[in-house]
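Let me begin by presenting the structure, written as structure tokens, before commenting on it.
The values are calculated or read from the model by the stated rules, or taken from the named source; none is laboratory data. The model shown is predicted, which means the values in this text are computed figures rather than measured ones. Reconstructed Cβ throughout: ideal geometry from the backbone, glycine too, with neighbour counts over all protein chains shown. Accessible surface is based on the protein model in full, side chains and every heavy atom, while ligands, DNA and RNA are left aside. Shrake-Rupley method; radii C 1.70, N 1.55, O 1.52, S 1.80 Å.
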Amino acid sequence: MSKGLPKRSEDYSLWYNELVKKAGLAENSAVRGCMVIKPYGFAIWEKMQRVLDDMFKDTGHENAYFPLFVPKSLFEAEEQNAEGFAKECAVVTHYRLQTDPDKPGKLRVDPNAKLEEELIVRPTSEAIIWSTYKNWIQSYRDLPLLINQWANVVRWEMRTRLFLRTAEFLWQEGHTAHATAEEAVAETKQMMEVYATFAEQYIALPVVRGVKTPSERFAGALDTYCIEGLMQDGKALQAGTSHFLGQNFAKAFDVKFATKEGDLEHVWGTSWGVSTRLMGALVMAHSDDEGLVLPPKLAPIQVVIVPIYKGEEQLAQISEKVNALKKALESKGISVKFDNRDTERPGFKFAEWELKGVPVRIAIGARDLESGTAEVARRDTKEKSTQQFDSLASYIPALLDEIQENIYNRAFAYREGHTTKVDTYDAFKEVLENKGGFVLAHWDGTPETEERIKEETKATIRCIALNTEEEDGVDMLTGKPSKQRVYFAKAY
């Protein structure tokens, strides 16, 4: 099954693309730049959705849905936001097709069906949502307004990669309104922490919590908080962002509320989101040359049981034991597949489930029935052990927890081993070229220096970490004074 997968060490990009396809996560579609998410891939995304949705609701948020189309006049109301997304927008200009008189059997855009105002296919929903909030918010009693939506967005991309960068992708976007700046900032930080908790506890991906530089922040935001993960090729991946919008959108759409004192003030806003890019992070952070390595908490199938038998009688005996085990594990919330297909040999099944990253594989044959044992293989380390069959119902849950923790610890160790402090520009470039990973270096705080480093090295400031202590130093490029180090890396 994994034959034909390139090695990570030889061509990481090709390895990633082929793994996503061969493992049945997604494939390219007939629409250039867009993907088809296949059932196995969507099952992982559904697990992510369920967990995140619960986390959002636990923090007081409610789900709603807003239109896919945004009138151009609304989109351009907040100038910074409109300018930031203008080059990525798909635009609807007509509302009807007609038979092409010059090409029998073909259609053309009806030239008489031009819209009075163009519609933007949402690249993000601030404009349509804040124009709606104007009608929902009148007084302090309506605040805070805590809304999330699960949706798709379109950002026109010329160079695409499955899950990481596609013209259309799935995401959630939260949009909240508050009475004070302090409440909005607290919300922004809270949602960044929700994302960080999800990344670390479910994706098993250690992340750096930080704030973006002005040139990297969301268009229309006063501050952008983010979580940054490190992939196995030494490149960073922005895994989630949370934006403090100040009063920018409230002023653009005249969203005011009556205070307790009777004054009329603009509300304070936030927005925050994660997307199917998390699927790319899941693949790139943990998988190996044999296929996916899925953290148990997000694996659609956590345990697969493969019978090894000759004849229907042996299969019936094995099935009786397996079905009882399957029922016991499922009662504990563990997803189990009994792969009793008679169309494939056990070796093929082993390779298939290894490619798909199933955390635990149990093999049981006629001899195992006699000895009361079964072979248990774990995907993360490829270790195999012989276990008493009757103890599997208690052994497997603990093993899944151990695998989840081990996958996180490996990713954490990789990040720690690929986080390097440098003081000179030469050392900075040497680390980027030969080691990769996060590079901690002093920055003088100017956009000019940031842009020059980006142009010369392709590395960007991923974030200014929230837990970074002040440290006097000098910028590695300009020699100007600096108070702290920032996280640089090449990134997706």
- Note on the structure: In segment 328-475, taking the dipole from +1 charges on Lys and Arg beta carbons and -1 charges on Asp and Glu beta carbons about the Cα centre, the listed residue (Ile461, Leu369, Trp353) farthest towards the positive end is Leu369
- Task: Take the alpha-carbon centre of segment 86-152, take the same for segment 417-492, and report the distance between them in whole Å.
- Result: 40 Å
- Setting aside same-chain residues fewer than 8 positions from Lys106, which lysines have a Cα under 23 Å from its Cα? Lys114
- Of Thr446, Gly417, Ser331, whose Cα points farthest to the positive end of the dipole of the chain (charges on the beta-carbon: +1 Lys, Arg; -1 Asp, Glu; origin at the Cα centre)? Ser331
- Take the chain, compute every pairwise Cα distance, and split them into 20 Å bins from 0; I just need the percent in each bin. 20, 47, 28, 5, 0
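If you stretched the chain out fully between Asp102 and Asn135, how much longer would it get, using 0.36 nm times the residue separation minus the C-alpha to C-alpha distance? Please report the intermediate quantities before stating the final value.
Working: separation 33, 0.36 × 33 = 11.88 nm, distance 4.84 nm.
Gain in length upon complete extension: 7.0 nm.
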- Assign unit charges at the C-beta atoms only (+1 for Lys and Arg, -1 for Asp and Glu), then state the dipole size of segment 393-466 relative to its Cα centre in Debye, rounded to the nearest 20. 160 debye
- Would you pull out the residues with amide H under 5 Å of Thr373's amide H, same chain only if 5 or more places away, H placed 1.01 Å from N? Phe389
- Note on the structure: Interchain or sequence-distant (5+) residues whose placed amide H lies within less than 5 Å of the amide H of Leu245 are Leu222, Gly269, Thr270, Ser271
- Using 0.36 nm per residue, how much length does the chain from Glu383 to Glu433 gain when fully extended, once their Cα-Cα distance is taken away? 14.6 nm
- Query: Can you pull the percent of the chain's accessible area that's carbon plus sulfur, 1.4 Å probe, other chains left in place?
  - Reply: 48 percent
- Please report, in debye to the nearest 20, how large the charge dipole of the chain is about its Cα centre when each Lys and Arg carries +1 at its beta carbon and each Asp and Glu carries -1 there. 1480 debye
- Message: If the only charges are +1 at each Lys and Arg Cβ and -1 at each Asp and Glu Cβ, what is the size of the charge dipole of segment 34-168 around the Cα centre, to the nearest 20 debye?
- Response: 560 debye
- If ligands, DNA and RNA are left out, what is the accessible area of Phe338 with a 1.4 Å probe, given in Å² to the nearest 10? 30 Å²
- With θ set to phi - 60° and the Karplus curve 6.51 cos²θ - 1.76 cosθ + 1.60, what are the ³J(HN,Hα) couplings of segment 236-244 in order, to the nearest whole Hz, using x for Gly and Pro? 8, 9, 6, 9, x, 9, 9, 10, 8
- Task: For the chain, find the longest principal axis of its Cα atoms and tell me its angle to the long axis of helix 447-457, 0 to 90°, nearest 10.
- Result: 40 degrees
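Taking 21 Å as the cut-off for C-alpha to C-alpha distance, list the pairs among Lys212/Lys490; Lys435/Lys458; Lys38/Lys235; Lys57/Lys212 that go past it.
As for pairs spanning more than 21 Å Cα to Cα, those are Lys38/Lys235; Lys57/Lys212.
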- Item | Difference of contour (0.36 nm per residue) and Cα-Cα distance, Lys458 to Ser335 | 40.0 nm
- Task: Express in Å², to the nearest 10, the accessible area of Glu88 obtained by rolling a 1.4 Å probe over the protein heavy atoms while all chains stay in place.
- Result: 60 Å²
- Note on the structure: Taking a probe of 1.4 Å and leaving out DNA, RNA and ligands, the chain shows per residue an accessible area in Å² of 47 Å²
- Please list the non-local residues whose amide H lies under 5 Å from the amide H of Glu157, H modeled 1.01 Å from N, same-chain partners needing a gap of 5 or more. Ala167
- Task: Could you pull the accessible area for His442 with a 1.4 Å probe, rounded to 10 Å²?
- Result: 10 Å²
